[in-house]
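Participant: Okay, here's the structure, questions in a sec.
The values are calculated or read from the model by the stated rules, or taken from the named source; none is laboratory data. The shown structure was predicted, so the numbers you read here are calculated from the model rather than taken from an experiment. Ideal geometry is used to build each Cβ from the backbone, glycine not excepted, and the neighbour counts take in all protein chains shown. These accessible areas exclude ligands, DNA and RNA; they are computed on the full protein's heavy atoms, side chains included. Shrake-Rupley method; radii C 1.70, N 1.55, O 1.52, S 1.80 Å.
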Amino acid sequence: MVVETTDVVIAGGGPVGLMLACELRLAGVEVTLVDGLRARTGASRAGGIHARTMEIFDQRGLLERLLPQGRPIQAGHFGGLPLDFTDFPTRHPYMLAVLQSAIERELDQRAAELGASVHWASPVAGFDSDTAGIEVGLGGPNPRSIRAAYLVGCDGGRSVVRKLAGIEFTGTDATMTGMIADVELSDPPAEAFFGQRRGAGDFSAVQFQPDWYRLVVQRHDRVLERGIELSFENFRANFTEIAGTDFGMHSPRWVTRYSDAARLADRYRAGRVLLAGDAAHIHYPAGGQGLNMGVQDAVNLGWKLGATLRGNAPADILDTYETERRPIAARVLHNTRAQTALSRSGAHTDALRDIMSDLIDLDEVRQRLGHMITALDIRYDIKGDHPLTGRRIPDADLTTATGDTRAHELLRAARPILLLLNGTETSSVTGWDDRVDVVRATARTEYWVIPRVGKIPTPAAVLIRPDGYVAYATTAPGDEGLTDALTAWIGTAS
Ligand SMILES: Cc1cc2nc3c(=O)[nH]c(=O)nc-3n(C[C@H](O)[C@H](O)[C@H](O)COP(=O)(O)OP(=O)(O)OC[C@H]3O[C@@H](n4cnc5c(N)ncnc54)[C@H](O)[C@@H]3O)c2cc1C
C-alpha cells in the first residue's frame, strides 16, 4: 500500500544518507529518509575527519557546530607512517578528532531543520521501478510503500539496495582482521596515543575521551570468519596476545571488527536507483577516508539530482556523478591496499617501511600522499585550461559590498555562483540568472595557493558549482568559455 509520495527516498541514515538529505532539501527537493534501525546506537566507527570534509561542512555552515565537539590533531598517516598536514594550503591543516556519533547527531538536527522526513524501523525490503517512478517497499513493524522519482542506497557496505539493483560489488577479499573495543582502562599507558607493531600484528590505545579509550588490535596472521560475532573476552585475548598486556581493560561500550576487504560498485546508477557512501565502496579504514569520501559523494550527487528533478538540468548531469566519484573511490581502494601491504609484519615489510619513512621525510612525497588522503587534490575532468578548473575553490578571503567574507561562506545556500573579482564584468549570465547567483567581490590576496599546483594569480572570474568545485575560471574573462560552462553544468539559458 502506497502511503506516501516524495521526490527521493534515501535508504540509510548514516552520515552519507543524512548529508544527502540535507543537500536535497537545500536543492528544494522532497526527501524521505528511511533506516532499518529502531534508533541510533550511539556507536562511532569513525573518529576523525579531514580537511576537505571540514571545508565541505564549512560550505554549509555545519563546521562551526562540529569544531567545538572535536580536537584538532596531527594524526594523519600512510600505513601508520606519520604525515604532517601543518603546511597544507587550507584553513584546516589538521585532522579533526570528532566522533562519528557527533557528526550524525549534527546532521540529524540539520536534516530536521531543513524539513527532511525521517523514518526509523523502516528497512528497504524491495522496489519496483517503471518509466514514471519507483515504488519502494519498506519492511519492519509497519510495512508500507513509498512512491518516488529516485531511490538512493546509502545503506552501508552490505547494501540491500545495491544487491536488489543487481549492481556487482567487485574487489579483493580480506587478508587480515582488525578488532576494536571502546573500554575503560585501570592501567592505561602513559601517552594519550600509544601504539606498536609487534609479532603477527600491531595494537594501539587512544584516549578518545577523558574516561574511555579505543583499543585496536590488528592481526595479519588470521582472517576471522564473517558472521561470527566478536566477544569482549575474545577481543581481550587477541589484544593481550599481541600487546603483551590488557591495560586493565573493563566496562566495554562497544566491540567490533573490520578487515581490509576492498570492493567497489561496478555502477553507481541503475535507472532510478543510485548508490553513495559505503554502499558503493568499502575498504580498509586506514587513514580514515570512508566517511569523508561518502559525505563528498553526497555533496556531489545532491545538487545534480536536485537540478534533474527540477527539470532544467543538462541531460547528462546525473551521469557525471559516477564519472566523477567512482574514480575517486577506486583511488582510495588503491591507496588502502598499499597501506595494508605497509602494515603487515615481518622483515620484508619492515624494510619497505624504512624506505617509505625516508621518502615521506621529503616534503614533496609527504604533500603528495597527504593531499590524496585529505582529498584536497581532487580534480574532476572538467573542460578548461585554467589550473583551477575541476578543482575545489580555495577558501579565499574576499570583500563584497556588504563586507568581508570567504569563498566557502558564499556556498551556504548550495547554489551555483559566478564570482566576479576585482571589477570584472560579463554579460554571459543573462538567461541563467534564475539559477546562478552573481557575486562581485575584491580578493584580499594577490594569489591563491592550490594543492598540487602551487601559487596562482587571483582569477578574474570563477563559476563555482554548489559542491564547491570550479566549472570555469579565467584570468581574462571572455563570454565564450563561460557560456559553454554554464550550458554544460547549469543547463540551457532560459
Ligand atoms: C574501524 C573503522 C574506523 C573508521 N574510521 C574512519 C575515520 O576515522 N574517518 C572516516 O572518514 N571513515 C572511517 N571509517 C569509515 C566510516 O565509518 C564509514 O565509511 C561510514 O560510516 C559510511 O557511512 P554510510 O552512511 O555510507 O554508511 P553507514 O554508516 O554504514 O550507514 C548505513 C545506514 O544504513 C542503514 N541500513 C542498512 N540497511 C538498510 C536498509 N535495508 N534499509 C534502510 N536502511 C538500512 C543502517 O542501519 C545504517 O544506519 C571507519 C570504519 C571503520 C570500520
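Participant: In Å³ and rounded to a whole number, note down the convex hull volume per residue for the Cα atoms of the stretch 177-259. Mind dumping the intermediate values first?
Facilitator: On the way: hull volume 6.8 nm³, N = 83.
Taking the convex hull of the Cα positions in the stretch 177-259, it is 82 Å³ per residue.
Participant: Determine ³J(HN,Hα), in whole Hz, for all residues of the stretch 85-93 in sequence, where each value follows from phi through the Karplus function 6.51 cos²θ - 1.76 cosθ + 1.60 and θ = phi - 60°; x replaces Gly and Pro.
Facilitator: Taking θ as phi minus 60°, the curve returns 9, 3, 9, 6, x, 8, 5, 10, x Hz for the stretch 85-93.
Participant: If you don't mind, there's one more thing I want to ask. Roughly speaking, what is the stretch gain from Asp319 to Glu233, that is 0.36 nm per residue apart minus the C-alpha to C-alpha distance, in nm to one decimal?
Facilitator: Details: separation 86, 0.36 × 86 = 30.96 nm, distance 4.81 nm.
Extra length available between Asp319 and Glu233 comes to 26.1 nm.
Participant: Quick one: which residues, 5 or more positions from Ala46 or on another chain, have an amide H under 5 Å from its amide H? H modelled 1.01 Å from N in the peptide plane, none for Pro or chain starts.
Facilitator: Under 5 Å from the amide H of Ala46 lie the amide H atoms of Gln100, each far enough along the sequence or on another chain.
Participant: With every protein chain kept in place and ligands, DNA and RNA left out, what is the accessible area per residue of the stretch 177-259? Probe 1.4 Å, answer in Å².
Facilitator: Numbers: 4120 Å² over 83 residues.
For the stretch 177-259, the solvent-accessible area averages 50 Å² per residue.
Participant: Give the lysines whose C-alpha is closer than 20 Å to that of Lys304, dropping any in the same chain fewer than 8 places away, or say none.
Facilitator: Candidates past the 8-residue exclusion: Lys383.
Participant: Let me ask you something else. Pull out a ≥ b ≥ c, the square roots of the eigenvalues of the alpha-carbon gyration tensor of the chain, then state rounded if a/c is under 1.5, prolate if not and a/b is larger than b/c, and oblate in the remaining case. Don't skip to the answer; put the middle values down first.
Facilitator: Working: a/c = 1.96, a/b = 1.30, b/c = 1.51.
Oblate shape, in that a/c is at least 1.5 and b/c is the bigger or equal ratio.
Participant: Can you tell me how much longer the chain between Ser251 and Ile355 gets when fully stretched, taken as 0.36 nm per residue apart minus their C-alpha distance, in nm with one decimal? Each step should come with its number before you reach the end.
Facilitator: On the way: separation 104, 0.36 × 104 = 37.44 nm, distance 4.07 nm.
Residue separation times 0.36 nm, minus the Cα-Cα distance, leaves 33.4 nm.
Participant: Using alpha-carbon positions, what is the distance between the centroids of the stretch 317-355 and the stretch 166-227, in Å?
Facilitator: Centre-to-centre distance over Cα atoms comes out at 19 Å.
Participant: A further question follows. Given a 1.4 Å probe and every protein chain left where it sits, what share in percent of the accessible area of the stretch 206-332 is carbon and sulfur?
Facilitator: On the way: 2430 of 4850 Å².
The C+S portion of the solvent-accessible surface of the stretch 206-332 is 50 percent.
Participant: List the residues whose amide H sits under 5 Å from the amide H of Thr475, counting only those 5 or more places along or on another chain, with H placed 1.01 Å from N in the peptide plane.
Facilitator: Ala460
Participant: Where does each of 460-471, 408-419, 436-447 land if you order them by average Cβ count within 10 Å, highest first? Intermediate results must be reported in sequence, preceding the final value.
Facilitator: On the way: 460-471: 24.3, 408-419: 20.0, 436-447: 15.1.
Per-residue mean Cβ counts within 10 Å order the peptides as 460-471, 408-419, 436-447.
Participant: The stretch 139-192: which trypsin sites (Lys or Arg not before Pro) are DSSP loop and have at most 13 other beta-carbon atoms within 10 angstrom? Display every interim value, and only then the final one.
Facilitator: Working: sites: Arg144, Arg147, Arg158, Arg162, Lys163; in loops: Arg158.
Passing sites in the stretch 139-192 are Arg158.
Participant: Between Tyr447 and Asp434, with labels modelled 7 Å along Cα→Cβ, what's the label distance in nm to one decimal, could you check?
Facilitator: 4.3
Participant: Taking the highest mean first, how do the peptides 122-132, 226-236 order by number of other beta carbon atoms within 10 angstrom per residue? Before the final figure, lay out each step's value.
Facilitator: Numbers: 122-132: 15.6, 226-236: 13.1.
Averaged packing, sorted descending, gives the order 122-132, 226-236.
Participant: Measure off, as a whole percent, the carbon and sulfur share of the 1.4 Å-probe accessible area of the stretch 437-476, all protein chains present. List each step's numbers first, then the result.
Facilitator: Working: 790 of 1600 Å².
Percent of accessible area from carbon and sulfur atoms in the stretch 437-476: 50.
Participant: Any idea what angle helix 290-310 forms with the longest principal axis of the chain, computed on alpha-carbon atoms, 0 to 90 degrees, nearest 10?
Facilitator: It is inclined by approximately 30 degrees.
Participant: Moving to a separate point now. Could the peptides 315-326, 257-268 be put in order, highest first, of the mean number of other beta-carbon atoms found within 10 Å of their residues?
Facilitator: Numbers: 315-326: 16.8, 257-268: 20.2.
Going by the mean number of other Cβ atoms within 10 Å, highest first, we get 257-268, 315-326.
Participant: Oh, and also: Using modelled backbone amide H atoms (1.01 Å from N, in-plane), which distant-in-sequence or interchain residues come within less than 5 Å of Val439's amide H?
Facilitator: Under 5 Å from the amide H of Val439 lie the amide H atoms of Leu418, Leu419, Leu420, each far enough along the sequence or on another chain.
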